[in-house]
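A short write-up of the structure that comes next.
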Amino acid sequence: MSRLISDRGLNRRAFLRATRGLAVLAPTLGITGGLLAGCSGPRRVERIAIEPGMAFLREPDRPATPIWGYQAQVPGPVLRYRQGEFLDIDFVNRLTEPSSVHWHGLRLPNAMDGVAHITQPPIAAGGSFRYSFQLKDAGSYWYHPHFNSAEQVDRGLSGALIVEEPEPPLVDREWVWLLDDWRLDDAGRPIADYDDPTQRAAEGRLGDLVTINGAPPGAHEVRAGERIRLRLINAANARIFALSFAGHVPQIIAYDGQPVAPHAPDDGKILLAPSQRVDLMLDLTGEPGGHHDILSQFETQAAISLGALVYRNETPLRDAPLSAPIALPANPLGEPDLTDPLEISVNFQRDGAAMLWTVNGVAHLGHDAPPLFEVASGRTVAMHLHNDSDFLHPIHLHGFPFRILERGFAPNPRQEWRDTVLIGRREAVEIAFVAEAPGDWMIHCHILEHQAAGMMHRFRVA
Ligand code: C2O
Ligand code: CU
Ligand code: CU
């Protein structure tokens, strides 16, 4: 049992080893140790630059790629806090165009949501903006621009935001994998056809180069017997991943940061639509010396390698998987009250002639249209989301995680919380949430080319 990592300090060191190659903002590690959730510890303002850089996304002997990154790196630094702490970060924009920083999946004051033109003016080139808010919910989140998103996210502006539970489940290590795909020319430059209407009117920008944390997938070294918590984040503009771990049965413990009763993936595949996250518990039950492929194979698309679990030739860490519980404590979300909800229908369609996507018949190319609806803070909203098209759409709501009540008019067995729901072709989904913080909040497709081609709207909490 001496190998068990029950001590916070050990856990942090293990985390640091696990994220080798990923820069972690040191102060967020340094100042937070020992603070309990909700404690008013020392608040220190970090500084992150939004700036161009170079990254080796392919094998090191091939040309590097010019990127835009947080701290000029791809992905941006892993931001790590404990539940209840405050995030205080000054973002300095060193690009030659405006930007903004959106905190995907978090409950926060509207003015901190980072939607350019809606919740704040764009951060001008050379300008800066301070984001400052409390982290109410534990979980795996991410941050990215909400200005010219299809291009800025694609060029590399994305990073993980991890909010730890006060008592995280016992693991030996933790991995954070930010998945992305890239469309590069031979010289390694992103193919800059961001305005291509046919791409927008179809599946969106699919790149043929897949990376994990900005590097080509390779061997993921493990030791037999260990337990790893794997936080998966899909930062791709349009690619849907469907992951399988040969020879292993990972347990899903959270969707989009929100805990769910642990369960094996349905159909053996872990589905991750753009912007979605899945937290897994992975018990390394293979033999020393073993090699197990990790693949993504969605629908009829070609299988993509995400590397392999490669077991070191070492004696197993333990003989049977850890018996420690893997379920996560729930976040303090308000439970929807379905006795008298505000009922809203949203219909998503493709306007093939105009190469646009519409929400209730209108393509929103700017932010000047009046809100889709207005609701009083504290009231439950029940939304009927109908995908009236032959394409898939990951529909995302800002501000409020929602429960998925029904799919295709059948009750959804898990009633899981999410911030993004993948809606199948011609499928309808019923969701509900409690409108909380006042302000204008976005609802949009997270295939960023669809969003750019009109598939977005906003709603008002008053
Ligand atoms: Cu990932 Cu509107 O956001
Ligand atoms: Cu978001
Ligand atoms: Cu879409």
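The residues listed here are Leu372, Leu397, Leu405; of these, the one that is within 16 Å of ligand 3 (Cβ to nearest atom) and buried (at least 17 other Cβ atoms within 10 Å of the Cβ) is Leu397.
Inside the range 70-115, residues that are more than 13 Å from ligand 2 (Cβ to nearest atom) and among the aliphatic types (A, V, I, L, M) make up a count of 9.
Identify all residues within the range 432-459 that are within 16 Å of ligand 1 (Cβ to nearest atom), more than 11 Å from Gly399 (Cβ to Cβ) and in a strand (DSSP E or B); write none if there are none. Listed by number, the residues that qualify are His444, Cys445, Met456, His457. Only a single criterion out of (1) within 16 Å of Trp68 (Cα to Cα); (2) surrounded by fewer than 19 Cβ atoms within 10 Å (Cβ to Cβ) is not satisfied by Gln134, namely (1).
Step by step: first the residues of the range 328-369, then only those that are of a type in the set (Ser, Thr, Tyr) and open to solvent by 30 Å² or more (accessible area, probe 1.4 Å), then the one that is farthest from ligand 3 (Cβ to nearest atom). Which residue is that? Within the range 328-369, the match that is farthest from ligand 3 (Cβ to nearest atom) is Thr339.
Of all residues in the range 103-122, those satisfying the criterion of being within 30 Å of Pro197 (Cα to Cα), within 16 Å of ligand 1 (Cβ to nearest atom) and not acidic (Asp, Glu) are Trp103, His104, Gly105, Gly114, Val115, Ala116, His117, Ile118, Thr119, Gln120, Pro122.
Taking the conditions exactly as written (closer than 25 Å to Met112 by Cα and open to solvent by less than 10 Å² (accessible area, probe 1.4 Å)), does Trp417 satisfy them or not? Considered against the rule, which asks whether it is closer than 25 Å to Met112 by Cα and open to solvent by less than 10 Å² (accessible area, probe 1.4 Å), Trp417 comes out as no. Residue-level analysis places Pro250 among those that are in contact with a strand residue (DSSP E or B) (Cβ under 6 Å, 6 or more places away or on another chain), open to solvent by less than 20 Å² (accessible area, probe 1.4 Å) and without any contact (Cβ under 8 Å) to a residue 40 or more places away in the chain. Reported count of residues in the range 276-325, each being surrounded by fewer than 19 Cβ atoms within 10 Å (Cβ to Cβ), outside any strand (DSSP E or B) and under 25 Å from the mean Cα position of the chain (by Cα), is 8. The lone criterion from (1) assigned to a strand (DSSP E or B); (2) away from ligand 2 (no atom under 14 Å from the Cβ); (3) over 22 Å from Ile240 (Cβ atoms) left unmet by Gln415 is number (1). Within this structure, Ala324 passes the test of being small (Gly, Ala, Ser) and over 30 Å from Ala432 (Cα atoms). One residue alone among Gly399, Gly378 is assigned to a loop (DSSP other than H, G, I, E, B), over 25 Å from the mean Cα position of the chain (by Cα) and closer than 29 Å to Ala327 by Cα, and that residue is Gly378.
The values are calculated or read from the model by the stated rules, or taken from the named source; none is laboratory data. Everything numeric in this text was worked out from a predicted model, so none of it was measured. Every residue, glycine among them, receives a Cβ derived from its backbone with ideal geometry; neighbour counts consider all protein chains shown. Heavy atoms of the whole protein, side chains included, go into the accessibility calculation; ligands, DNA and RNA do not. Shrake-Rupley method; radii C 1.70, N 1.55, O 1.52, S 1.80 Å.
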